Amino acid sequence: MQMIDVDTPKLLRSLAKLIEKPEIKALEFSLIKTLEELIVADSILLYEIRTLKQITSDEAETYLLPVGYEDLEENDSPPILLNQQPQFAECFQTKTLTIEPFGDVARPMFRFIHPIIDLKGVTGFLVIETHEHIPRDQELVAILLGFYRNYVLLLNDNQRDHLTGLLNRKSFDDKIMKIILSLSETNKRNADKVQYFLAVLDIDHFKRVNDSLGHLMGDEVLLHFSQCMNQTFREYDMLFRVGGEEFVVVLRNVDTERASAIMERFRKVIETHYFPQVGQITCSIGVTSIFPTDLPVTIMDRADQALYYIKEHGRNQVAFFQQLIAEGKLQTRDSESDIEMF
């Protein structure tokens with residue numbers, strides 16, 4: 001086997017840097033930065049494959065979303081559809097490197113599309129555009145992707161719920177604390193205000209499913225519910241299963257009106273989704289703003305209070321804690337944790 005000609009100390013430093021932070025998003029950015037230092041490239045992009053449901057129907061489309069992708073406003077161009085990109089579709093099907101020449105005779109270019117593969121198959125692509133076709137560089141990319149894949153598998157095993165694949169309770173505790181700290185830092189810098197909302201999603205009458213159909217069918221409902229979450233929420237929303245039939249979503253960069261629309265859309269998705277052998281399932285959703293002075297327990301407490309109010313008033317609804325307070329439906333006394341329901 002021919003050895004790759006590479007600066008070994010530099011490669012080892014790059015590998016150490018690649019796995020420096022035990023977070024998926026940090027690892028994705030680190031992979032790009034590491035490759036920029038090691039290979040000849042005009043651009044390096046990492047795409048995630050996401051299947052998203054349409055707002056107005058139950059149909060789903062498969063998109064390519066670049067790392068760092070932000071939510072689309074109504075007037076923006078839509079993200080890239082996988083089935084409209086033949087080279088990406090070929091890479092997805094073959095699970096091997098696809099090379100696409102482009103440009104003109106005066107300046108020929110090459111696009112190398114490397115598949116990102118995990119236990120579920122192809123989940124994304126690393127795309128390198130360069131004016132030089134250097135086989136050594138692409139071999140080096142393949143080696144780094146092998147390290148990347150193995151490290152992602154380790155992180156997912158530690159940070160994700162084994163049934164649904166959503167982030168687990170441990171990840172929630174870590175990430176919510178980082179959000180609070182980031183809000184505090186933003187306030188200190190007097191930067192543009194960043195708004196976060198936390199929602200607790202609870203499957204209505206889930207115990208009846210377990211009691212009447214058994215826990216295996218209950219797990220099937222949880223899987224369908226989590227799949228609806230992945231297909232409905234935005235790429236950079238944080239999705240968690242924190243226990244039993246309780247899920248948490250953290251929304252970023254939205255105001256109250258937009259957060260309400262996002263949550264109401266998900267509620268309708270669940271209400272109209274067919275759950276095999278169960279039929280219709282509904283969910284109740286309690287939402288609260290996140291403030292820089294919060295503690296994780298107080299955030300969850302507010303969302304839970306909104307959720308409990310819904311449970312007492314018909315279920316299958318979305319309610320915001322702050323709105324319930326303003327309308328006099330919940331009352332605070334000496335502290336937010338001392339709450340009575342009317």
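Structure summary
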{"read-out": "From the options Thr123, Thr96, residue that is modelled with pLDDT under 90, in contact with a strand residue (DSSP E or B) (Cβ under 8 Å, 6 or more places away or on another chain) and open to solvent by 30 Å² or more (accessible area, probe 1.4 Å)", "value": "Thr123"}
{"read-out": "Where Met217 falls short, out of the listed (1) in contact (Cβ under 8 Å) with a residue 40 or more places away in the chain; (2) part of a helix (DSSP H, G or I); (3) within 19 Å of the chain's Cα centre (by Cα)", "value": "(3)"}
{"read-out": "Residue within segment 249-257 that is under 21 Å from Ile180 (Cβ atoms), crowded, with 21+ Cβ neighbours inside 10 Å and touching a residue at least 60 places away in the same chain (Cβ under 8 Å) present", "value": "yes"}
{"read-out": "Wholly enclosed strands (runs of 3 or more DSSP E) of segment 226-342 bearing at least 2 residues farther than 27 Å from Leu163 by Cβ", "value": "318-320, 330-332, 339-341"}
{"read-out": "Leading residue by the ranking (surrounded by the most Cβ atoms within 10 Å (Cβ to Cβ)) among those in segment 151-175 that are acidic (Asp, Glu) and modelled with pLDDT of 85 or more", "value": "Asp161"}
{"read-out": "Any chance Phe112 is in a strand (DSSP E or B) and open to solvent by 40 Å² or more (accessible area, probe 1.4 Å)", "value": "no"}
{"read-out": "Residues within segment 32-61 that are surrounded by 15 or more Cβ atoms within 10 Å (Cβ to Cβ), at pLDDT below 85 and not aliphatic (A, V, I, L, M), tallied", "value": "3"}
{"read-out": "Residue count for segment 126-150, restricted to those that are buried (at least 17 other Cβ atoms within 10 Å of the Cβ) and of a type in the set (Val, Ile, Thr)", "value": "4"}
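The values are calculated or read from the model by the stated rules, or taken from the named source; none is laboratory data. In this text the structure is predicted, and so the values were computed from the model without any measurement. Here Cβ is always computed from backbone atoms with ideal geometry, including for glycine, and neighbour counts include all displayed protein chains. Accessible surface areas use protein heavy atoms only, side chains included; no ligands, DNA or RNA. Shrake-Rupley method; radii C 1.70, N 1.55, O 1.52, S 1.80 Å.
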